[in-house]
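Asks: Mind having a look at this structure? Questions to follow.
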Amino acid sequence: MRYVKAIGWVLMAVAACAAIGLLVARWNIWFGNAPEPAYSTPNEPFHILLTLTDDENSRLITWQCDTVVQEACVEYFYRCDSAASHDVLQWVVATGEKYISPGGASVFYRAEIPTPRPGKYTYRICHPKVQSQWHDFVVNDMTDNVVRLAFIGDIQDSINGVTKDITRQIVMSHPDREFYVLGGDLIHRPQERYWDEFFRGISPLATTYPVVAVSGNHEYLKSLYKKCEARFPLHFAYYWDDYKQEDYCYKTLRYDNVELFMLDSHCDILRLIEQCRQLDEALSQSDAQWRIVVLHHPPLSIRSKSNNLPVKWLLTPILKRYDVELVLSGHEHGYARIHNPQDDSPVYIIGHCSPKVYKHRNTTVEMYDNSDKYYHCIDCVSDTMTLRTYTSRGELIDRIQWIKND
């Protein structure tokens, strides 16, 4: 009996030593954050982003400027049939919040422009001593049951990377896109230099087309209590008020006959459960013709069948219950289309547009590729939704269509 107890104590000691050794070896990977290099903040508007709001008849402008909160506004006017004629110049007052990071400080501003009429709008950002250049954007008819959007998975580009070339290619090849959806991991780490690179990458579209995004694990600081770093919801400010209360980035946005349900999939299990409760309630009340769920971690993984299990177990029953048509995700650095035509499950799309490429062990799916970077064009026209997948060179490699009738 003593001999058995001794063996038990030895095994427990070995297990404890192994756990401590693993923790020591992986501590920096799990919880270590590289020091953020010092940075200076320009005293003129930069990182300007056009995005959406709770109200589909308005547009949200966010930007950074200086390190002291100032009075600021967005001037705008509605363009008539010709560039020479336009409505009276109007303005909306901006809200500013100072954010201090380990490398420096910056003030983030946001202002919401009402856009009740379809057509072209022109705007600029005004501070007491400096103004931005004028920018244009178009508001489409929000009642015509036609929505054209683009989805881009992980960007997570290296400094001076190729994202700008890809986004320029998309804008040139598909100028009819009404807005863009990004699948998380926009940056390599939550540091100002990587946000600089992100805005350089999306500069062909950032001020002209509304851009919305979900958060990924690379927007998080590593810690025992996982929380998305505040610069993400300050840029994508439709999250900001809820983020300050809930510590996660969840939002639903309605756009014509499409509703987006955007989840923060990297948070802990309790906050994930709360988001699934919100999603269940939102889907039960949605009357949108097309429901698109967007999150960073795919519920069905192509890296391993055991990956992302909490997301899979919590989310897939809700998606089936409400017959969600499409789920967009990233994280796994490859392209895949996953769908079981024998049941009512959604079509799962895993997107990827990053220099990083992973090996995948679970590729028994309808469509799989990891030889390039990809983007996806989604057209919702009345009772038909079509998704086309392109390589970074604009080559069409996949197409799927949903048709709804009575």
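Asks: Out of the residues in the range 221-275 meeting the condition of being part of a strand (DSSP E or B) and not hydrophobic (A, V, I, L, M, F, W, C), tell me which one is nearest to ILE100 (Cα to Cα).
Replies: LYS227
Asks: A further question follows. Go through the residues of the range 71-82 one by one and say whether even a single one is under 30 Å from LEU234 (Cβ atoms), touching a Cys at 6+ places or on another chain (Cβ under 6 Å) and either at pLDDT 60 or above or open to solvent by less than 90 Å² (accessible area, probe 1.4 Å) (or both).
Replies: yes
Asks: I'd like to know if the range 367-375 contains one or more residues that are more than 28 Å from ILE159 (Cβ to Cβ), without any contact (Cβ under 8 Å) to a residue 24 or more places away in the chain and not in a loop (DSSP other than H, G, I, E, B).
Replies: Scanning the range 367-375, I find no residue that is more than 28 Å from ILE159 (Cβ to Cβ), without any contact (Cβ under 8 Å) to a residue 24 or more places away in the chain and not in a loop (DSSP other than H, G, I, E, B), so the answer is no.
Asks: Here's a follow-up. Test each condition in (1) over 30 Å from ILE292 (Cα atoms); (2) in a strand (DSSP E or B); (3) among the basic types (Lys, Arg) for LYS129 and report the one that comes out false.
Replies: (2)
Asks: Further question on the same structure: Out of contact with any strand residue (DSSP E or B) (no Cβ under 6 Å at 6 or more places or on another chain), of a type outside the set (Lys, Arg) and over 24 Å from PRO175 (Cβ atoms), is that true of ASP144?
Replies: So ASP144 fails the test.
Asks: Is the range 81-89 home to any residue that is aliphatic (A, V, I, L, M) and in contact (Cβ under 8 Å) with a residue 60 or more places away in the chain?
Replies: Among the residues of the range 81-89, not one is aliphatic (A, V, I, L, M) and in contact (Cβ under 8 Å) with a residue 60 or more places away in the chain, which makes the answer no.
Asks: Would you please name the residue that is nearest to ALA288 (Cα to Cα), looking only at residues in the range 389-406 that are of a type in the set (Val, Ile, Thr) and either at pLDDT 95 or above or surrounded by 14 or more Cβ atoms within 10 Å (Cβ to Cβ) (or both)?
Replies: So the residue we want is ILE400.
Asks: Of the residues that make up the range 232-254, is at least one of a type in the set (A, V, I, L, M) and at pLDDT below 95?
Replies: No, the conditions are met nowhere in the range 232-254.
Asks: Where residues in the range 162-201 are out of contact with any Leu (no Cβ under 8 Å at 6 or more places or on another chain) and among the hydrophobic types (A, V, I, L, M, F, W, C), which of them is nearest to ILE378 (Cα to Cα)?
Replies: LEU182
Asks: So, one more: Within the range 225-269, take every residue that is free of Cβ contacts under 8 Å to residues at least 24 places away in the same chain and among the basic types (Lys, Arg) and give me the one that is farthest from CYS380 (Cα to Cα).
Replies: If we take residues in the range 225-269 being free of Cβ contacts under 8 Å to residues at least 24 places away in the same chain and among the basic types (Lys, Arg), then LYS244 is farthest from CYS380 (Cα to Cα).
Asks: Please state which one of LEU272, LEU263 is touching a Leu at 6+ places or on another chain (Cβ under 8 Å) and closer than 28 Å to LYS404 by Cα.
Replies: Only one candidate passes the filter, namely LEU263.
Asks: Further question on the same structure: Taking into account only those residues within the range 203-235 that are aromatic (Phe, Trp, Tyr) and open to solvent by less than 10 Å² (accessible area, probe 1.4 Å), which is nearest to THR167 (Cα to Cα)?
Replies: By that ranking, first place goes to PHE232.
Asks: Residue by residue through the range 291-341, note down the ones that are outside any loop (DSSP other than H, G, I, E, B) and small (Gly, Ala, Ser).
Replies: SER329, ALA336
Asks: Which number in (1) over 27 Å from ARG189 (Cα atoms); (2) in a strand (DSSP E or B) marks the one condition that ILE349 misses?
Replies: Result: ILE349 passes all but (1).
Asks: Enumerate the pairs (first residue in the range 189-214 and closer than 23 Å to VAL74 by Cα; second residue anywhere and open to solvent by less than 40 Å² (accessible area, probe 1.4 Å) and basic (Lys, Arg)) with beta-carbon separation below 7 Å, excluding pairs fewer than 6 apart on the same chain, so at least 6 apart or on different chains.
Replies: Listed by first residue and then by second, the contacts come to TRP195/ARG231; TYR209/ARG177; PRO210/ARG59.
Asks: I want to confirm something. Restricting to the range 356-380 and keeping residues that are within 20 Å of LEU326 (Cα to Cα), open to solvent by 60 Å² or more (accessible area, probe 1.4 Å) and out of contact with any Lys or Arg (no Cβ under 6 Å at 6 or more places or on another chain), which single residue is modelled with the highest pLDDT?
Replies: Within the range 356-380, the match that is modelled with the highest pLDDT is TYR368.
Asks: Would you mind stating whether HIS296 is under 16 Å from the mean Cα position of the chain (by Cα) and either more than 24 Å from SER392 (Cα to Cα) or β-branched (Val, Ile, Thr) (or both)?
Replies: No; evaluated as a whole, the condition is false for this residue.
Asks: Right, another one. Quick one: which residue in TYR358, TYR322, TYR390, TYR375 is aromatic (Phe, Trp, Tyr) and in contact with a His (Cβ under 7 Å, 6 or more places away or on another chain)?
Replies: Of TYR358, TYR322, TYR390, TYR375, the one residue that is aromatic (Phe, Trp, Tyr) and in contact with a His (Cβ under 7 Å, 6 or more places away or on another chain) is TYR358.
Asks: Residues of the range 252-270 being over 17 Å from PHE236 (Cβ atoms) and open to solvent by 20 Å² or more (accessible area, probe 1.4 Å), which ones?
Replies: GLU259, ASP268, ILE269, LEU270
Asks: Given the conditions (1) among the β-branched types (Val, Ile, Thr); (2) surrounded by fewer than 19 Cβ atoms within 10 Å (Cβ to Cβ); (3) farther than 28 Å from ASP176 by Cβ, and given that THR386 satisfies all but one, which numbered condition is not satisfied?
Replies: Exception for THR386: condition (3).
The values are calculated or read from the model by the stated rules, or taken from the named source; none is laboratory data. These numbers were taken from a predicted model, which means no experiment stands behind them. Every residue, glycine among them, receives a Cβ derived from its backbone with ideal geometry; neighbour counts consider all protein chains shown. These accessible areas exclude ligands, DNA and RNA; they are computed on the full protein's heavy atoms, side chains included. Shrake-Rupley method; radii C 1.70, N 1.55, O 1.52, S 1.80 Å.
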